[in-house]
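The values are calculated or read from the model by the stated rules, or taken from the named source; none is laboratory data. This one's a predicted model, so the numbers in the text were calculated from it and none came from an experiment. Positions of Cβ are generated from backbone atoms using ideal geometry, with glycine treated the same way; all protein chains shown enter the neighbour counts. Note: accessible area is taken over every heavy atom of the protein model, side chains too, but ligands, DNA and RNA are not part of it. Shrake-Rupley method; radii C 1.70, N 1.55, O 1.52, S 1.80 Å.
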Amino acid sequence: MGENKKLIEINNLKKYFPIKKGILNKTTSLVKAVDSVSFTINKGETLGLVGESGCGKTTCGRTIIKLYEPTDGQIIYDGVDIAKLSNKEMVPYRKKMQMIFQDPYASLDSRMTVGDIVGEAIDIHKLMSGKERSERIHYLLERVGLNSEHANRYPHEFSGGQRQRIGIARALAVQPEFIICDEPISALDVSIQAQVVNMLEDLQSDFGLTYLFIAHDLSMVKHISNKVGVMYLGVMMEVAESNELYTHPMHPYTQALLSAIPVPDPKITRGKKRIVLEGEIPSPIDPPPGCRFKGRCKFAKPICSEITPELKDIGSGHFVACHLY
Amino acid sequence: MEKLLQVNDLKTSFFTHVGEVKAVRGVSFYLDKGEALGIVGESGSGKSITMMSIMKLLSDNGKIINGDIYFEGKNLVKADEGEMEKIRGNDISMIFQDPMTSLNPVLKIGDQITEPIIKHKNMNKAEAYKRAAHMLSLVGIPSPEDRMKQYPHEFSGGMRQRVMIAMALSCDPKLLIADEPTTALDVTIQAQILELMKELREKINTSIILITHDLGVVADVCSRINVMYGGLLVETANTDDLFYDSRHPYTWGLLGSVPNPNTLIRERLKPIEGQPPDLLNPPKGCPFAPRCEYTMKICMTDRPPMFEIGENHKAACWLNHKDAPKVSSPFKRGDK
Ligand SMILES: Nc1ncnc2c1ncn2[C@@H]1O[C@H](COP(=O)(O)OP(=O)(O)OP(=O)(O)O)[C@@H](O)[C@H]1O
Ligand SMILES: Nc1ncnc2c1ncn2[C@@H]1O[C@H](COP(=O)(O)OP(=O)(O)OP(=O)(O)O)[C@@H](O)[C@H]1O
Ligand SMILES: [Mg+2]
Ligand SMILES: [Mg+2]
């Protein structure tokens with residue numbers, strides 16, 4: 001893996017949201033949604049991002065494409081740190097980086113037809129018009145398992161899964177290089193999940209696309225990702241090559257997560273031993289120092305409350321942030 | 001056992017500018033007290049609309065055009081809005097599929113959760129507030145008192161979903177309809193929520209209808225499963241029979257689509273080829289016939305009846321006719 005193959009390099013990325021109170025609207029505390037996240041993604045590869053709900057995955061994705069202004073850290077895209085670029089300087093990057101959003105209901109404008117939703121980015125970047133534009137829209141709709149007649153209908157006429165496919169078609173419309181897929185398949189039925197994942201893989205090999213794939217379905221993440229990162233409460237806890245992570249999870253949180261995967265086989269799932277996480281789920285609002293997982297970790301030692309463990313390489317590209325190692 | 005819910009030949013359509021969308025085309029099923037029924041199936045097959053019909057929460061252009069829905073012996077199809085309002089949130093609670101649009105963006109989370117508790121549980125504001133905070137901590141939301149002062153957009157997708165779950169559980173319903181309740185949740189919190197639902201069932205005998213695409217979740221929680229396709233129920237069986245002895249090619253395709261959890265090689269996934277039926281002009285015969293590997297002549301012309309396979313097990317596929325060729329599922333558990 002040569003340095004030059006890297007498309008994305010994230011270094012100590014942070015995003016804090018202020019909580020304001022009172023008539024003076026004073027910032028009283030901070031939600032540290034992303035608090036030190038680092039990883040790299042090579043061109044043409046996929047990094048899977050998993051972790052507890054609310055741990056900052058979506059915020060991380062939105063900050064990388066600068067829908068949110070980063071609080072701190074570097075976002076190196078193809079050799080350029082875009083973290084501090086102005087809106088104007090960001091313009092060429094907006095087309096290269098697309099996002100498939102988590103919530104297929106809130107993210108589609110209900111007054112626009114499906115065709116116009118899919119074509120919006122084509123129009124913004126003035127890429128095509130007329131017949132060429134509508135042919136591209138029809139092609140995209142069919143590519144994601146809808147049909148071209150759907151172009152004239154409105155989002156509320158579609159089921160949850162159908163709406164998510166509209167969002168995928170929209171992201172593909174401008175032929176981006178890098179796509180952040182924020183739970184692109186959780187609303188789909190398993191057969192269409194398989195179709196969409198095969199489609200994302202085909203598009204990846206045809207166009208050399210690079211993905212950040214956020215999901216909760218760990219067996220799907222394992223299937224699609226070259227590397228997987230595990231986040232907990234705003235912090236990257238473990239990153240490793242995907243088979244390595246699933247066969248040798250090091251962080252106690254990763255171990256608990258993998259043990260809780262529901263298996264689509266009643267006899268196996270009934271007999272499965274889960275690591276149940278005890279203890280209070282901590283809040284990202286002004287989190288205390290030390291390891292974020294310590295309150296629920298059965299291996300916690302005094303040092304875990306004092307020093308925040310660094311994400312370090314424990315061999316062959318397996319990174320873990322835990323005082324056990 | 002007494003049936004809590006009995007749905008007979010339900011048909012629901014939407015009248016749109018392009019025509020009548022036949023979303024539910026004759027669905028019958030029942031639910032016992034304290035039972036957990038799973039509903040799986042193709043996206044757009046009518047799972048949510050069947051439930052919205054039971055709740056009578058269809059959009060203005062949607063209408064129940066046929067059938068009966070008996071809840072504790074009362075036909076909800078004939079109930080007026082006033083009666084439905086008493087039932088909703090009290091006897092029957094629903095966790096909706098879209099957590100963002102079901103929460104009011106301009107109201108604080110706390111106010112949204114306490115309102116139904118005040119209304120249905122006869123509590124004063126302070127008591128309701130306490131119960132709401134307790135429910136939020138049960139579904140794994142830390143510092144609930146602070147969080148109740150925030151607005152929905154300040155919550156992550158999964159946290160909104162948990163707020164919806166807390167709301168649905170807060171009034172101890174007799175029937176809980178959960179439409180994709182855990183899609184936005186990580187597996188550890190999902191396990192916690194499913195545990196909570198199991199407890200509810202054991203403690204207060206709540207019946208549960210769980211719609212999900214996650215076959216692992218139904219395998220874990222449900223004792224019986226309905227499979228829907230193209231606005232119809234195509235198979236129903238006890239959980240083990242559905243996983244190990246299914247009799248419908250659509251179910252086979254469904255079970256075969258999920259990634260093999262026990263491999264280190266990247267195998268290509270096997271989706272069901274083809275497109276789902278257009279519900280504006282649903283096919284005359286079996287809705288799955290155009291995508292089915294085993295299609296016979298009759299499948300294109302006649303809709304298959306529900307063939308009785310065994311106890312609680314029925315499948316709407318002509319392969320179960322006594323004169324049909326014998327084929328069995330290409331998908332075997334244990335392969336994986
Ligand atoms: N616009 C915002 N204002 C204030 N707080 C926010 C905002 N967006 C997110 N947060 C907070 O940041 C934290 C991380 O949220 P985020 O949506 O990134 O989580 P997530 O990992 O994507 O979770 P999920 O799996 O549930 O989608 C949460 O505590 C959330 O409440
Ligand atoms: N308001 C509406 N107007 C027109 N058609 C509608 C409307 N609501 C739903 N439909 C159609 O009814 C059918 C059934 O939708 P439903 O939401 O029940 O699907 P579902 O099985 O829940 O799918 P998913 O798994 O994607 O949530 C779909 O084909 C959908 O397009
Ligand atoms: Mg998210
Ligand atoms: Mg639905």
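Could you please find all residues in the range A:85-106 being closer than 30 Å to B:ASN104 by Cα and not in a loop (DSSP other than H, G, I, E, B)? A:GLN98, A:MET99, A:ILE100 - these are the residues of the range A:85-106 that are closer than 30 Å to B:ASN104 by Cα and not in a loop (DSSP other than H, G, I, E, B). Among the residues of this structure, B:GLN97 does not count as one that is modelled with pLDDT under 90, within 16 Å of ligand 4 (Cβ to nearest atom) and open to solvent by less than 10 Å² (accessible area, probe 1.4 Å). Given the criteria touching a residue at least 60 places away in the same chain (Cβ under 8 Å), more than 9 Å from every other protein chain (Cβ to nearest Cβ) and among the β-branched types (Val, Ile, Thr), does B:ILE193 qualify? So B:ILE193 fails the test. Just one of (1) at the interface with another protein chain (Cβ under 8 Å from one of its Cβ atoms); (2) open to solvent by less than 10 Å² (accessible area, probe 1.4 Å); (3) not in a loop (DSSP other than H, G, I, E, B) fails for B:VAL234. It is (1).
Here A:GLN102 fits the description: within 13 Å of ligand 3 (Cβ to nearest atom), open to solvent by 10 Å² or more (accessible area, probe 1.4 Å), touching a strand residue (DSSP E or B) at 6+ places or on another chain (Cβ under 8 Å) and not basic (Lys, Arg). Against the test of being in contact with a helix residue (DSSP H, G or I) (Cβ under 6 Å, 6 or more places away or on another chain) and free of Cβ contacts under 8 Å to residues at least 12 places away in the same chain, the options B:ILE64, B:ILE118, B:ILE39, B:ILE69 yield a single qualifying residue, B:ILE118. In this structure, does B:THR239 turn out to be at the interface with chain A (Cβ under 7 Å from one of its Cβ atoms) and open to solvent by less than 10 Å² (accessible area, probe 1.4 Å)? For B:THR239, the condition - at the interface with chain A (Cβ under 7 Å from one of its Cβ atoms) and open to solvent by less than 10 Å² (accessible area, probe 1.4 Å) - is met.
When you scan the range A:276-286, do you find a residue that is open to solvent by 70 Å² or more (accessible area, probe 1.4 Å) and farther than 23 Å from B:ILE189 by Cβ, even just one? No, the conditions are met nowhere in the range A:276-286. Checking each residue in the range A:128-153 for being within 14 Å of chain B (Cβ to nearest Cβ) and within 27 Å of the chain's Cα centre (by Cα) picks out A:LEU141, A:GLU142, A:ARG143, A:VAL144, A:GLY145, A:LEU146.
I'd like to verify a number: residues in the range A:1-60 that are part of a loop (DSSP other than H, G, I, E, B) and surrounded by 15 or more Cβ atoms within 10 Å (Cβ to Cβ), how many? Result for the range A:1-60: 8. Scanning the range B:169-188 for residues that are at pLDDT 90 or above and either in contact with a Phe, Trp or Tyr (Cβ under 6 Å, 6 or more places away or on another chain) or open to solvent by less than 10 Å² (accessible area, probe 1.4 Å) (or both) turns up B:PRO173, B:LEU175, B:LEU176, B:ILE177, B:ALA178, B:ASP179. The sole residue among B:PHE288, B:PHE307 that is over 24 Å from B:SER13 (Cα atoms) and either aromatic (Phe, Trp, Tyr) or buried (at least 16 other Cβ atoms within 10 Å of the Cβ) (or both) is B:PHE307. Note on the range B:29-54: residues that are under 14 Å from the mean Cα position of the chain (by Cα), away from chain A (no Cβ under 14 Å) and in a strand (DSSP E or B) amount to 4. Every listed requirement among (1) more than 16 Å from ligand 1 (Cβ to nearest atom); (2) hydrophobic (A, V, I, L, M, F, W, C); (3) more than 11 Å from chain B (Cβ to nearest Cβ) is met by A:ALA194 save one, (3).
Please determine whether any residue of the range A:107-127 is in a loop (DSSP other than H, G, I, E, B), buried (at least 16 other Cβ atoms within 10 Å of the Cβ) and within 26 Å of the chain's Cα centre (by Cα). The answer is yes; a qualifying residue exists.
Pick from the range A:164-182 the residues that are open to solvent by 10 Å² or more (accessible area, probe 1.4 Å) and among the charged types (D, E, K, R): which of them is farthest from ligand 2 (Cβ to nearest atom)? Among residues in the range A:164-182 that are open to solvent by 10 Å² or more (accessible area, probe 1.4 Å) and among the charged types (D, E, K, R), the one farthest from ligand 2 (Cβ to nearest atom) is A:GLU177.
Of all residues in the range A:269-297 being assigned to a loop (DSSP other than H, G, I, E, B) and modelled with pLDDT of 90 or more, which is farthest from A:LEU233 (Cα to Cα)? So the residue we want is A:CYS297.
Checking every residue in the range A:256-274 against the condition of being touching a strand residue (DSSP E or B) at 6+ places or on another chain (Cβ under 8 Å), touching a residue at least 60 places away in the same chain (Cβ under 8 Å) and more than 9 Å from every other protein chain (Cβ to nearest Cβ) gives zero matches.
Contact map, the range B:309-336: residues that are within 14 Å of chain A (Cβ to nearest Cβ) and modelled with pLDDT under 90 paired with residues that are surrounded by fewer than 17 Cβ atoms within 10 Å (Cβ to Cβ) and assigned to a loop (DSSP other than H, G, I, E, B), Cβ distance under 6 Å, separation 6+ or inter-chain. Pairs shown: B:LYS336/B:ASN260.
When B:LEU58, B:LEU37, B:LEU10 are screened for being within 16 Å of ligand 4 (Cβ to nearest atom) and surrounded by fewer than 20 Cβ atoms within 10 Å (Cβ to Cβ), only B:LEU58 passes.
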